[in-house]
Structure formats: C-alpha cells, structure tokens
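As structure tokens, the structure follows; a few thoughts come after it.
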Amino acid sequence: MKDIFSSKVHIPPSATVTINSIAQQKKKAGQRVYNLSAGEPIMNTAQYLKETVDWAMEHGETLYPPVAGIDELRNRASLWMNDLYQTNYQVKNTLITCGGKFGIYLLLQSLLNDGDEVIVISPYWVSYPPMVSLFGGRPVIVQTEEKDGWKVRPEQIAAACSEKTKLLIFNNGSNPTGVLYEEQELRDILKVCKEKNILIMSDEVYSGLTYDKKDYVSCGAFWDHSDSVVVIQSCSKNFGMTGWRVGIVFAPEEITKKLITVQGQSITGTSIISQWAAVAAIEKAHKITPEINKEMKHRRDVFTDTFNELFPGANLQAPHSAFYSFIPLKAFGTYHDDDVKFCERALEDGNVAMVPGSAFGKPGYVRTSFGAKPEELIDAIKALADYANKHAKK
Ligand SMILES: Cc1ncc(COP(=O)(O)O)c(C=O)c1O
C-alpha cells in the first residue's frame, strides 16, 4: 500500500511510553514486572482531589471549559509561579493545557515553519526532537557530557545558531539527567539567546523536585527577558497528578493569544474537572510540594544507596532534581555494550523496565526512574542485579 501518511509524521513512538506499555502488558499477563521506567511520582490519590471531583460533579462543572482555562486556575497558577519563583505573570500570560506536553506541542506548532531550526540540548527529553520534526522544524542537537555535569555552555548554544534558528528548548530540572542550573548560568544562557535573537522555551515541570537545599531558579524570573521566554509548567510532577493532564504555559501575551487560538481549534481545552482539581492542588501547594519533595528525596536516596550496594564500584551520584538516574552502561557490569539491547533483554528476561539512553540522544546510558514506592525500588534493583549477574562480563 502506498504511504498515505504525511512525511511529517515519520517520527518514532515515545520510547518511554512504549517501554511503559510493554511493562503494563507483562503485568496484565500476570508477570511481576519491576518498573524503573515510569516518568511519574507514584502516589495514592489525595483525599482533597477526590473531594474536589465530587464537588465539581455536584456543581455542574462538567461542561466545556473556557479554551484558555478557567479563570480561577489561570489566576492561581500565575500567583503560584510569581510567589515561588519571583516571576511576573498575569492571567493574560497564562494558558492551561492538557499537560505540559501539549503546551510544548502547541508552542512548536504555533512557531515553526518548514526548515526552522530548534536547538535541543542532549541528553534531552524524548519528545522534543520528534515534536520539532512533526511541525517541519529541524532539531539541532547540542551535546553535553557527564564530566561537565551535563551542563551546556552558552558558547555551545551560540555556535549552534544559524539564520534559521528560532528557538532553544531548555529543560531545567532535567529529564533524564537531573541537572539543575544556577542563576548566573541561566543569565548567561539568556544573554546568548538575546544576542542571537531567538526564543527560549524553558521546560520547568520538575521545579518543585529539587534536593540538597538547591533552590530552583525559573527563566521567568529574569524580567528583562520576558519577551523571549516561554515557561512550561505542570501539575503532573509537582503535585503527583500525572493522569489529570493539567499543564500551564506562561508566555508573552502575544504568544499566549496565538496558543489559545490553536488550542481552541484543536482540543478545545483541558478537562474542567481536572482544572478544578488543579485549583485545589495549587491552593495547597505550600503543603503538598514539600511533602512530595521529601518523599521523592527519600526514594532517590533509597534508590542510590541500594544501587551502589548491589552494584559495587558503580559510584552512582544522587541527582539534584527530578526523579531519574542516568546511568552509564558500564555501571551494570554486564557484557552488553548496546543500551537498547540491554534494556530490551532486561525487560524480556529480567522483567525490569528501563529506558535506553539512545532515546534521550545519549547511547551508552540507561535511564532509571525512582518514581516508584521505595519497597518496589529495592525489589527492582535486586531483580536488576540478578539479571546483570547472570549476564556479567566474564
Ligand atoms: C521534561 C519533561 N517535560 C514535559 C513533560 C510532560 O509532562 P506532562 O505532560 O505530564 O505535564 C515530561 C513528562 O515526562 C517531562 O519529563
């Protein structure tokens, strides 16, 4: 059959979603699967969320939502961001989307013409390059290295810019490396973007999950750059609400207006029930965020300590943010030298789900998540160690 699809949808499926669904299928088939691939903080649904849903049902909050989001949420979300990160957003700069992911999608769809270049820093979140391609853009990958703490230098960004560059995709509080940038580093990156006249999309969905007394600095806090910065936020990781699908875009008014138009012609808006749940979460953010943060730090420490105990010599360092460890293949001590094959075999034969570094633009590494509950993390690392021992380098 001739190819009926647009050349733009010749993109790979999301590796994380794919691995996660294979793990779910194995589970459904009755196998015990150790899931180190999930990109979510696995928590029980909070009572206040259940009560909010009941309230929304009783009050008829079940009709189409306003395209840009309900006023209560746009208002609260902008105040939340301003209070926490000293940004300067108003309702007119705030758009509620179906997860941070759809915010990114809308932005790229609204900005890109065929051939426009977008700088993406590797290791990157799996969806950035395919989304750029989906809208005819060309991802220009800038590599960072573990020895440099996975940080990009401003001169690398400058060198990657061309006449066609429109946007830098920047992920502070990174999936997969957990890298966290400091104020001066951000200032230097923003300065280069201004000199090169490009926009920055700062993906800040892990902003609440920073550890070791590291403060989170938002790109939105640099008011003199507010014309060129779009911040992506989300309730998913900050409030443990992945399945509710509530994200927030903070952008200059002109960009927000365009995104609202495109959202109105596509998904209409985000589930109104979820939006009310997000209002409730943001109202309680001062309580919920520290609780989730504390729990995720505990899981991080359990993960790192158990890993180092069962993989002696790995010397895994605990990341300062998010909930992933990006681990060099050599740390596992197996004869595998291909991260994709290693993850396939570990899932197939060892029932341990992880995501290969290749999916993040960095072969030779494996991304594990410590979003699962501590006892599950321990069992998973034991299962992984069993698998690795059976396939150890002789
Ligand atoms: C870096 C990054 N950005 C954005 C998202 C999208 O999150 P959501 O759509 O759940 O808000 C994710 C989810 O894994 C992520 O890791």
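What follows is calculated from the coordinates using simple rules that are stated; it is not laboratory data. Note that the coordinates shown come from a computational prediction; the quantities given were computed from them, not determined experimentally. Cβ sites come from the backbone with ideal geometry, for glycine too, and all protein chains shown count toward neighbours.
Got a sec? How would Val120, Val352 order by Cβ neighbour count within 10 Å, fewest to most?
So the residues, fewest neighbours to most, are Val120, Val352.
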Ranked list, fewest to most other Cβ atoms within 10 Å of each Cβ, for Leu316, Leu73: Leu316, Leu73
Go ahead and collect, in residue order, the members of region 71-93 whose backbone nitrogen is under 11 Å from a label point 7 Å along the Cα-Cβ direction of Asp215. 85-86
Simple spin-label model, 7 Å along Cα-to-Cβ: Asp301 to Ser21 in nm? 3.8 nm
For the chain, inverting the pair-averaged 1/r of distinct alpha-carbon atoms gives a Kirkwood value in Å of 21.7 Å
Rounded to the nearest 0.05, what FRET efficiency do Lys191 and Glu58 give with R0 = 45 Å and r taken as the Cβ-Cβ distance? Could you check? 0.30
Cα pairs beyond 12 Å in region 147-206, in percent, come to 67 percent
Of the listed pairs Lys294/Lys373; Lys26/Lys341; Lys237/Lys297; Lys8/Lys194, which have alpha-carbon separations greater than 22 Å here? Lys8/Lys194
Which FRET efficiency, nearest 0.05, do Ala159 and Gln184 yield, Cβ-Cβ r, R0 25 Å? 0.80
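Where in the chain is the longest stretch that carries no GluC sites (Glu not before Pro) classed as loop by DSSP and with at most 15 other Cβ atoms within 10 Å? Spell out each step's value before the answer.
Working: sites that count: Glu145, Glu163, Glu182.
By the stated rule (loop sites, at most 15 other Cβ atoms within 10 Å), 183-394.
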Taking region 63-284, how much of its Cα-Cα pair set, in percent, is spaced more than 21 angstrom apart? 51 percent
Which loop trypsin sites (Lys or Arg not before Pro) in region 1-69, with loop taken from DSSP, have no more than 16 other Cβ atoms within 10 angstrom of their Cβ? Lys2, Arg32
At 37 °C and a viscosity of 0.692 mPa s, what translational diffusion coefficient does Stokes-Einstein give for region 17-133, taking Rh as the Kirkwood radius over Cα pairs? Give it in µm²/s as a whole number. 179 µm²/s
For the pair Glu146 and Tyr335, the simple spin-label estimate (label points 7 Å beyond Cα toward Cβ) gives in nm 2.2 nm
